[in-house]
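Working notes, beginning with the structure itself.
The values are calculated or read from the model by the stated rules, or taken from the named source; none is laboratory data. Source: prediction; values computed, not measured. When we count neighbours, we look across all protein chains shown, and the Cβ atoms used for this are built from the backbone with ideal geometry, even at glycine. Keep in mind that these areas ignore ligands, DNA and RNA; they rest on the heavy atoms of the full protein, side chains included. Shrake-Rupley method; radii C 1.70, N 1.55, O 1.52, S 1.80 Å.
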Amino acid sequence: MRWASVWLSVCLAGCAFEHGQAGEETETGSGSGSGSGSQGQDSDGDGIADATDDCPAVANVDQRDHDDDGRGDACDTCPHLADSDADSDADGVGDACDPHPTEAGDRIAFFEGFYDPVAWHEVIGPKSWQQASGELRQIQLDEPSQIVRDDNPNPGTVFVDARVRVNAMSSDTAVRRSAGVVLGYGDPKHYFFCGLAAATQGSEINVGEVYTDFFGTAQYSYAPGAFAASMSGDWLTIQARTRSRDGTTTIECSSRRAEVTGTATFSTDADAGGDIGVRTNGTDASFDYVFVVEVPASSS
Ligand SMILES: [Ca+2]
Ligand SMILES: [Ca+2]
Ligand SMILES: [Ca+2]
Ligand SMILES: [Ca+2]
């Protein structure tokens with residue numbers, strides 16, 4: 001993708017380290033001199049002068065900067081976190097969001113900031129996802145609703161970080177009220193999930209698998225973990241890591257709100273490869289971003 005495994009640092013006048021692909025550097029149409037920061041120079045040719053470009057070495061006309069840290073999404077090694085831009089292993093994934101910060105080889109598969117209506121596929125539920133103000137929202141309270149991003153190739157071993165807010169929950173306690181991310185989506189009867197679910201009291205971290213049994217019936221297998229915080233209210237983060245080893249896929253799912261963290265782990269012999277998505281069931285939930293790092297299969 002746009003992320004080069006070798007980043008080059010270009011320090012123009014007054015700037016911090018920036019990242020970009022060498023190939024884009026060659027498109028400079030003018031000012032090919034020392035790069036001393038002359039006012040009109042536009043190194044990446046995106047129409048925005050280096051002096052005011054939040055990614056001077058990567059063309060990004062939109063100048064979007066989700067975390068507002070001064071580095072545009074297109075060149076931010078952690079586009080969802082205001083961070084220092086440190087990247088110890090220089091693999092293009094910043095230390096603050098790298099699942100293996102001292103082991104090169106991770107790669108940002110994609111970052112979705114929900115600025116525009118998404119082209120993700122509706123795979124379960126009504127087509128009632130709404131996008132506004134940089135959020136993707138599902139207001140449906142009565143039934144599950146799920147969309148996935150069509151990735152090709154499908155990411156297998158991944159680290160996923162998403163930010164979600166549950167605005168309201170169904171009053172029907174017979175509905176499995178939940179919100180979270182979908183991993184390794186194959187079809188409506190084969191996928192993994194990681195998220196929050198309403199428990200008898202409070203909420204829990206919930207990680208598991210939907211699969212089809214011998215009779216073709218969808219089965220639901222999961223492992224819950226404690227989460228001593230309300231499911232509804234302000235924003236919280238959900239993180240999922242998949243690992244594959246010796247035919248076993250292990251998914252670690254955690255959620256965090258302020259200082260409160262909960263974790264659950266689930267293992268299965270099913271393959272983790274497949275699409276990434278988001279899911280709600282019996283909740284009105286908003287998603288702020290989804291950030292996915294593809295991890296080398298050899299990493300654990
Ligand atoms: Ca520029
Ligand atoms: Ca940024
Ligand atoms: Ca950042
Ligand atoms: Ca890194």
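Check residue 256 against each of (1) farther than 23 Å from residue 220 by Cα; (2) touching a residue at least 40 places away in the same chain (Cβ under 8 Å); (3) part of a strand (DSSP E or B) and name the one condition it does not meet.
(2)
Report whether or not residue 62 is at negative phi and either of a type outside the set (A, V, I, L, M, F, W, C) or open to solvent by 60 Å² or more (accessible area, probe 1.4 Å) (or both).
Working: at negative phi: yes; either of a type outside the set (A, V, I, L, M, F, W, C) or open to solvent by 60 Å² or more (accessible area, probe 1.4 Å) (or both): yes.
Here the answer is yes, as residue 62 does meet what is asked.
With respect to residue 137, determine if the residue is open to solvent by 40 Å² or more (accessible area, probe 1.4 Å), at pLDDT 95 or above, among the charged types (D, E, K, R) and closer than 17 Å to residue 162 by Cα. Reasoning before the result, please.
Numbers: open to solvent by 40 Å² or more (accessible area, probe 1.4 Å): yes; at pLDDT 95 or above: yes; among the charged types (D, E, K, R): yes; closer than 17 Å to residue 162 by Cα: yes.
Against the criterion (open to solvent by 40 Å² or more (accessible area, probe 1.4 Å), at pLDDT 95 or above, among the charged types (D, E, K, R) and closer than 17 Å to residue 162 by Cα), residue 137 qualifies.
Can you tell me which residues in the range 243-259 are open to solvent by 50 Å² or more (accessible area, probe 1.4 Å) and at pLDDT 95 or above?
If the condition is that a residue be open to solvent by 50 Å² or more (accessible area, probe 1.4 Å) and at pLDDT 95 or above, then 252, 256 are the ones that fit.
Which fully enclosed strands (runs of 3 or more DSSP E) of the range 112-183 have 3 or more residues being of a type in the set (Gly, Ala, Ser) and not assigned by TED's automatic domain parsing to the domain that holds residue 238?
On the way: elements: 121-124, 129-132, 135-138, 144-149, 158-169.
Where strands (runs of 3 or more DSSP E) fall fully within the range 112-183, none carries at least 3 residues being of a type in the set (Gly, Ala, Ser) and not assigned by TED's automatic domain parsing to the domain that holds residue 238.
Name the residue that is least open to solvent (accessible area, probe 1.4 Å), counting only residues in the range 65-83 that are away from ligand 4 (no atom under 16 Å from the Cβ) and touching a Gly at 6+ places or on another chain (Cβ under 8 Å).
Taking the range 65-83 and keeping what is away from ligand 4 (no atom under 16 Å from the Cβ), we get 65-70, 72-74, 82.
Retained after the next criterion (residues that are touching a Gly at 6+ places or on another chain (Cβ under 8 Å)): 65-66, 73.
Numbers: 65: 38, 66: 46, 73: 19 Å².
That would be 73.
For the range 87-110, which positions are open to solvent by 20 Å² or more (accessible area, probe 1.4 Å), hydrophobic (A, V, I, L, M, F, W, C) and assigned to a loop (DSSP other than H, G, I, E, B)?
Within the range 87-110, 90, 104 qualify.
Say we look at the range 84-98 and pick out the residues that are more than 16 Å from residue 58 (Cα to Cα) and either of a type in the set (Gly, Ala, Ser) or at pLDDT below 95 (or both); which of these is farthest from ligand 4 (Cβ to nearest atom)?
84
Inside the range 55-86, can you point out the residues that are more than 11 Å from ligand 3 (Cβ to nearest atom) and in a loop (DSSP other than H, G, I, E, B)? Please lay out each step first, then the result.
Step one: filter the range 55-86 for residues more than 11 Å from ligand 3 (Cβ to nearest atom), giving 55-64, 74.
Once the filter is applied, which keeps residues that are more than 11 Å from ligand 3 (Cβ to nearest atom) and in a loop (DSSP other than H, G, I, E, B), the range 55-86 yields 55, 56, 57, 58, 59, 60, 61, 62, 63, 64.
Which residues, taken from the range 111-134, are in contact with a Pro (Cβ under 9 Å, 6 or more places away or on another chain) and surrounded by fewer than 16 Cβ atoms within 10 Å (Cβ to Cβ)?
Residues of the range 111-134 in contact with a Pro (Cβ under 9 Å, 6 or more places away or on another chain): 111, 113, 123-125, 129-131.
Those that are in contact with a Pro (Cβ under 9 Å, 6 or more places away or on another chain) and surrounded by fewer than 16 Cβ atoms within 10 Å (Cβ to Cβ): 130, 131.
List every residue pair whose Cβ atoms lie under 9 Å apart, where the two residues are 6 or more positions apart in sequence or sit on different chains, the first residue falls within the range 227-242 and is under 11 Å from residue 259 (Cα atoms) and not assigned by TED's automatic domain parsing to the domain that holds residue 278, and the second residue, located anywhere, is among the hydroxyl-bearing types (Ser, Thr, Tyr) and modelled with pLDDT of 95 or more.
Within 9 Å, no pair qualifies.
Each row is one residue, and each column tells you yes or no for (1) part of a strand (DSSP E or B); (2) over 17 Å from residue 160 (Cβ atoms); (3) open to solvent by less than 30 Å² (accessible area, probe 1.4 Å).
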| site | (1), (2), (3) |
| --- | --- |
| 221 | yes, yes, no |
| 229 | no, yes, yes |
| 280 | yes, no, yes |
| 291 | yes, no, yes |
